[in-house]
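Let me begin by presenting the structure, written as structure tokens, before commenting on it.
The values are calculated or read from the model by the stated rules, or taken from the named source; none is laboratory data. All values reported here derive from a predicted model rather than from experimental measurement. Quick reminder, even Gly has a Cβ in these numbers, built from the backbone with ideal geometry, and neighbours come from all protein chains shown.
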Amino acid sequence: MYKLIAMDLDGTLLNSYGEISKNNKEAIKKAIKMGIDIVLASGRMPSAIKSFSDEIRSNRYIIAGNGTLIYDTKDEKIIYDKFMEKEKVLNIIKICEDNSIYYSIYTENSIITKSLNYNVLYYQYENSKKPEYKKTKINIVKDVYKYIDEINTMPILKMTICDNNKIIFDGIIRKLRKIQNIHVLDIEHMSRKVIKTGTKDVGIDYFYTEISNLGANKWNALKVVMEKLEVKPEEVMTIGDNINDKEMIENAGLGVVMRNSALNAMGIGKSTISDNNSSGVAEAIEKYILH
């Protein structure tokens with residue numbers, strides 16, 4: 001019997017428009033009524049996850065920044081963190097600036113960037129559909145290096161590096177791997193998101209990687225949640241689609257992957273379900289929890 005379901009957001013619970021389907025909501029609601037704990041585990045910051053957590057009325061804990069932080073929504077406080085070192089962040093900023101490559105910095109409550117592009121452009125699109133209190137705060141700063149350098153304390157969850165040129169992107173990745181005590185995600189595919197403008201769908205495609213503190217991943221954070229809820233690994237079902245879900249998919253009692261995902265292509269996971277545009281999360285819950 002599974003007692004906890006941890007699921008990713010983008011590419012998993014959310015469809016390509018950044019929405020939770022009616023089928024997914026209904027399945028999650030039924031699971032919660034059965035006493036199942038639902039944990040959203042995402043690369044996003046806590047505030048950006050909390051709006052979706054409120055939407056599905058999940059239980060208590062959310063995992064943010066790919067496992068960098070655990071937020072207790074009941075007591076409204078951080079109970080675990082593995083923030084990035086300021087010196088490492090400044091080093092990465094310099095590499096990106098010297099090579100004219102796009103980057104963004106995720107803090108506990110905002111995204112810091114120089115312009116609206118790639119992943120940040122998509123968050124801006126999401127904001128246009130949300131009430132003010134649910135919007136992701138985007139802080140556009142002209143000189144990011146100076147901004148970070150002059151602030152003594154700024155908890156940084158992760159950094160995201162993006163480019164639409166594979167050759168340029170791969171060159172930056174090689175340079176980043178020379179920095180010690182950081183984790184650089186091995187993402188080989190392009191991110192593909194959709195923005196609806198009027199009656200047209202506009203695609204945002206780009207290569208990207210996410211950089212976090214060494215040892216920060218969703219499974220390590222989930223183990224802290226499991227201890228608090230007194231749940232064993234074999235009582236956990238995890239659902240994901242990307243490399244940042246790899247550890248929690250491999251170590252849970254049941255690791256479920258989306259059909260059109262990088263993890264499925266790599267042969268990772270014990271079960272494969274429909275993609276995020278076909279309510280795959282609902283399919284997994286109905287198959288392994290409700291039935």
Exercise for review: Of the numbered conditions (1) in contact with a helix residue (DSSP H, G or I) (Cβ under 6 Å, 6 or more places away or on another chain); (2) farther than 29 Å from K223 by Cβ; (3) surrounded by fewer than 17 Cβ atoms within 10 Å (Cβ to Cβ), K94 fails exactly one; give the number of that condition.
Suggested key: (1)
Check your understanding: With K130, K88 as the choices, which residue is within 30 Å of I249 (Cβ to Cβ), outside any helix (DSSP H, G or I) and among the basic types (K, R)?
Key -> K130
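When residues of segment 69-91 are filtered for being of a type in the set (S, T, Y) and out of contact with any Ser or Thr (no Cβ under 8 Å at 6 or more places or on another chain), how many remain? Talk me through it step by step, then tell me what you get.
First, pick out the residues of segment 69-91 that are of a type in the set (S, T, Y): 71, 73, 80.
If we keep only those that are out of contact with any Ser or Thr (no Cβ under 8 Å at 6 or more places or on another chain) as well, we get 71, 80.
Total satisfying the criteria: 2.
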Practice item. Read through the list (1) crowded, with 18+ Cβ neighbours inside 10 Å; (2) over 26 Å from A27 (Cα atoms); (3) in the same structural domain as V39 (by TED's automatic domain parsing), then give the number of the only condition that G269 fails. Key: (2)
Study note, to complete from the structure: Listed by first then second residue, the pairs whose first member lies in segment 49-62 and is within 15 Å of N109 (Cα to Cα), whose partner is surrounded by fewer than 21 Cβ atoms within 10 Å (Cβ to Cβ), with beta carbons under 6 Å and at least 6 positions apart or on separate chains, are S51/K134
Review point. Only one of (1) more than 28 Å from Y102 (Cα to Cα); (2) outside the structural domain of N99 (by TED's automatic domain parsing); (3) surrounded by fewer than 20 Cβ atoms within 10 Å (Cβ to Cβ) is not met by T199, so which one is it?
Key: (2)
Exercise for review: Tell me which of these E286 doesn't satisfy, since it passes every other one: (1) surrounded by 23 or more Cβ atoms within 10 Å (Cβ to Cβ); (2) closer than 16 Å to M1 by Cβ.
Suggested key: (1)
Point to revise | Selected residue (criterion: surrounded by the fewest Cβ atoms within 10 Å (Cβ to Cβ)) from residues of segment 66-81 that are touching a residue at least 60 places away in the same chain (Cβ under 8 Å) and touching a helix residue (DSSP H, G or I) at 6+ places or on another chain (Cβ under 8 Å) | key: I79
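If you scan segment 26-60, which residues turn out to be basic (K, R) and either in a loop (DSSP other than H, G, I, E, B) or surrounded by 18 or more Cβ atoms within 10 Å (Cβ to Cβ) (or both)? Walk me through how you get there before you give the answer.
As a first pass, look at segment 26-60 and keep what is basic (K, R): 29-30, 33, 44, 50, 57, 60.
Across segment 26-60, the qualifying residues are R44, K50, R57, R60.
For segment 150-203, enumerate the residues that are in a helix (DSSP H, G or I) and under 30 Å from D81 (Cα atoms). Break it down into steps so the answer makes sense when it comes.
So the first thing to find is which residues in segment 150-203 are in a helix (DSSP H, G or I), and the list is 150, 166-176.
Result: E150, F169, D170, I172, I173, R174, K175, L176.
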Practice item. Quick one: in segment 183-223, of everything that is among the polar types (S, T, N, Q) and at pLDDT below 90, which residue is farthest from Y118 (Cα to Cα)? Key: T199
Exercise for review: Name the residue, out of I20, I63, that is over 12 Å from the mean Cα position of the chain (by Cα), surrounded by 16 or more Cβ atoms within 10 Å (Cβ to Cβ), modelled with pLDDT of 95 or more and closer than 25 Å to A262 by Cβ.
Suggested key: I20
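Just a yes or no: is a residue in segment 159-174 of a type in the set (S, T, Y), modelled with pLDDT of 90 or more and either over 21 Å from the mean Cα position of the chain (by Cα) or not assigned by TED's automatic domain parsing to the domain that holds E19 (or both)? Give the derivation first.
Here is the first cut: in segment 159-174, the ones of a type in the set (S, T, Y) are 160.
Now drop any that are not modelled with pLDDT of 90 or more, which leaves 160.
Still in the list and also either over 21 Å from the mean Cα position of the chain (by Cα) or not assigned by TED's automatic domain parsing to the domain that holds E19 (or both): 160.
Yes, the conditions are met somewhere in segment 159-174.
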Check your understanding: Conditions: (1) farther than 18 Å from I148 by Cβ; (2) small (G, A, S); (3) touching a residue at least 40 places away in the same chain (Cβ under 8 Å). S100 meets all but one. Number of the miss?
Key -> (3)
Review point. With (1) at pLDDT 95 or above; (2) surrounded by fewer than 17 Cβ atoms within 10 Å (Cβ to Cβ); (3) within 20 Å of D10 (Cα to Cα) as the list, and K232 as the residue in question, which single condition is left unmet?
Key: (3)
Review point. Has segment 220-232 got any residue that is without any contact (Cβ under 8 Å) to a residue 60 or more places away in the chain, over 25 Å from I92 (Cα atoms) and part of a strand (DSSP E or B)?
Key: no
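In this structure, is Y17 closer than 16 Å to M159 by Cα and either touching a residue at least 12 places away in the same chain (Cβ under 8 Å) or assigned to a helix (DSSP H, G or I) (or both)? So that I can check it myself, show each step before the final result.
Working: closer than 16 Å to M159 by Cα: no; either touching a residue at least 12 places away in the same chain (Cβ under 8 Å) or assigned to a helix (DSSP H, G or I) (or both): yes.
When the stated conditions are applied, Y17 does not pass them.
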